[in-house]
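Below is one structure, written out as C-alpha cells, with a few remarks after it.
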Amino acid sequence: AQTVTQSQPEMSVQEAETVTLSCTYDTSESDYYLFWYKQPPSRQMILVIRQEAYKQQNATENRFSVNFQKAAKSFSLKISDSQLGDAAMYFCAYRSGQATDKLIFGTGTRLQVFP
Amino acid sequence: NAGVTQTPKFRILKIGQSMTLQCTQDMNHNYMYWYRQDPGMGLKLIYYSVGAGITDKGEVPNGYNVSRSTTEDFPLRLELAAPSQTSVYFCASRQQVGAFFGQGTRLTVV
C-alpha cells in the first residue's frame with residue numbers, strides 16, 4: 001500500500017522569506033501523481049501544485065515550486081516570497097496513475113507566516 | 001460554476017441518531033469521494049465512486065453508507081451516530097488529475 005509522510009508538523013517563516021515543506025512517499029508503482037493542497041482556516045482544500053511522475057521537470061506555479069526526487073521518493077514544496085495569506089495547513093497527497101484510484105494524504109504541516 | 005457543494009456546514013447529532021450529508025457537483029465529474037479529517041490529521045477516505053451506480057469502500061467505511069444514483073449527487077449516510085464519528089467531512093470530485101473539494105461539514109456527535 002502507498003503511504004505519504006510529512007515529518008514537519010509545524011513550520012514558520014517570515015514574510016518575504018522562503019520556506020520548504022517536506023514530503024516523502026512510498027510506492028512500488030511507476031505511474032502516479034503527487035499534489036500539494038493548502039487548507040486555510042476556512043477549511044477549504046485548495047490545490048496548490050501537482051506533479052506527474054513521468055515528468056522530470058519540477059512543477060512551478062508562481063511562487064510555489066516543487067523539488068521532485070523520484071528515486072528518493074521525495075516531493076518537497078518551496079514557497080518563495082512568503083505572504084501572510086500563505087499561512088495554512090499544507091497536505092501532500094499521492095494518487096496512483098490508475099484512473100479509478102484515490103488520493104492518499106499525509107498528516108499535514110501547519111505553516112505560520114510572521115510579519 | 002458552483003463546483004462541489006456540501007450541506008450542511010455544521011451539525012450536532014446525538015448518539016444513535018441518523019443523518020445524511022449531501023454532496024453535489026456541477027462539473028459532470030465521474031469520480032467522487034468522501035473523506036473525514038480528524039483533528040490534526042490528514043484526510044482518510046471513507047467511500048468513493050467512479051460513476052453513477054458504482055461505489056466502493058475506502059480506508060474507513062464502517063458506520064457509513066453511500067449511494068450514487070446520479071453523476072451529480074453522492075450522499076453519505078450515517079445510520080447510528082457514534083462519538084467516534086465526530087470529524088470534519090469532505091466531499092471531492094475529479095475528472096482528470098486534480099480533485100476539487102467541498103467546504104466540508106463539521107459534525108459533532110454527543
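The values are calculated or read from the model by the stated rules, or taken from the named source; none is laboratory data. Note that the coordinates shown come from a computational prediction; the quantities given were computed from them, not determined experimentally. Neighbour counts are summed over all protein chains in view; Cβ atoms, including those assigned to glycine, are modelled from backbone coordinates with ideal geometry. Remember, those area values only see protein heavy atoms, side chains included, never the ligands or the DNA or RNA. Shrake-Rupley method; radii C 1.70, N 1.55, O 1.52, S 1.80 Å.
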*Kindly indicate whether A:Glu10 is within 11 Å of chain B (Cβ to nearest Cβ), touching a residue at least 12 places away in the same chain (Cβ under 8 Å), surrounded by fewer than 15 Cβ atoms within 10 Å (Cβ to Cβ) and more than 30 Å from B:Met32 (Cβ to Cβ).*
yes
_Candidates A:Val4, A:Val66, A:Val113, filtered to the one that is assigned to a strand (DSSP E or B), free of Cβ contacts under 8 Å to residues at least 60 places away in the same chain and not aromatic (Phe, Trp, Tyr)_ = A:Val66
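Per-residue answers, yes or no, for (1) crowded, with 17+ Cβ neighbours inside 10 Å; (2) at pLDDT 95 or above; (3) in contact with a Gly (Cβ under 8 Å, 6 or more places away or on another chain); (4) at the interface with chain B (Cβ under 10 Å from one of its Cβ atoms):
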| position | (1), (2), (3), (4) |
| --- | --- |
| A:Glu29 | no, no, yes, no |
| A:Tyr32 | yes, no, yes, no |
| A:Lys55 | no, no, no, no |
| A:Glu61 | no, no, no, no |
| A:Val66 | yes, yes, no, no |
_When you check B:Gly40 against the structure, is it farther than 21 Å from A:Met89 by Cα and either at pLDDT below 95 or polar (S, T, N, Q) (or both), yes or no?_
no
*asked:* For B:Val97, only one of the following conditions fails: (1) within 14 Å of chain A (Cβ to nearest Cβ); (2) farther than 14 Å from B:Arg11 by Cβ; (3) open to solvent by less than 60 Å² (accessible area, probe 1.4 Å); (4) touching a residue at least 60 places away in the same chain (Cβ under 8 Å). What is its number?
replied: (4)
